[in-house]
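The values are calculated or read from the model by the stated rules, or taken from the named source; none is laboratory data. Values in this document were obtained by computation on a predicted structure and should not be read as measured data. For neighbour counting, all protein chains shown are included, and Cβ atoms are generated from backbone atoms with ideal geometry for every residue, glycine included.
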Amino acid sequence: MKQYYQGKCKTCSKKRWKAWSDAQPKSKKNEYTIKYRHKLREQILKHYGNKCICCGEATYEFLTFDHVNGDGAEIKKTEGIGQNTGVGLLLWIKRNDYPNTIQILCFNCNCGKARNNNVCPHITSTSP
Ligand SMILES: [Zn+2]
Ligand SMILES: [Zn+2]
């Protein structure tokens, strides 16, 4: 019966997760969280092309998720998710079926964009 499928019930899975999580030693919990986040991040990076859309940087550690319209703060507020680097954003992306308002930028381009009126200096810079 479809309606009894437990995996669909958010409250149940949340409860079970909490019970399981409480039973784990702290170090193990952290290890699991890190692994989970890593896997989730890889999955989402892959979906968005695995490289910076501006300069083509493809080093995993350099890549960040960027809100196309620079509305990250707004989403964070309405969705109640925390840090950009946290698992909250990753889960949000997945839950919203990989919205096209998210793109991959490397750390450089992301910071550059933030400091240059939402456009990466790579784009506006006239120097070769
Ligand atoms: Zn870049
Ligand atoms: Zn750039």
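Arg41 passes every criterion in (1) within 16 Å of ligand 2 (Cβ to nearest atom); (2) touching a Leu at 6+ places or on another chain (Cβ under 7 Å) apart from (1).
Can Ile34 be described as touching a strand residue (DSSP E or B) at 6+ places or on another chain (Cβ under 8 Å), surrounded by 11 or more Cβ atoms within 10 Å (Cβ to Cβ) and at pLDDT 70 or above? In short, no. The residues of region 109-119 that are near ligand 1 (Cβ under 10 Å from one of its atoms) and either polar (S, T, N, Q) or in contact with a strand residue (DSSP E or B) (Cβ under 7 Å, 6 or more places away or on another chain) (or both), listed by number, are Asn110, Lys113. Screening region 51-128 for helices (runs of 4 or more DSSP H) wholly inside it with 1 or more residues that are modelled with pLDDT of 85 or more and within 15 Å of ligand 2 (Cβ to nearest atom) returns the ranges 107-115, 121-124.
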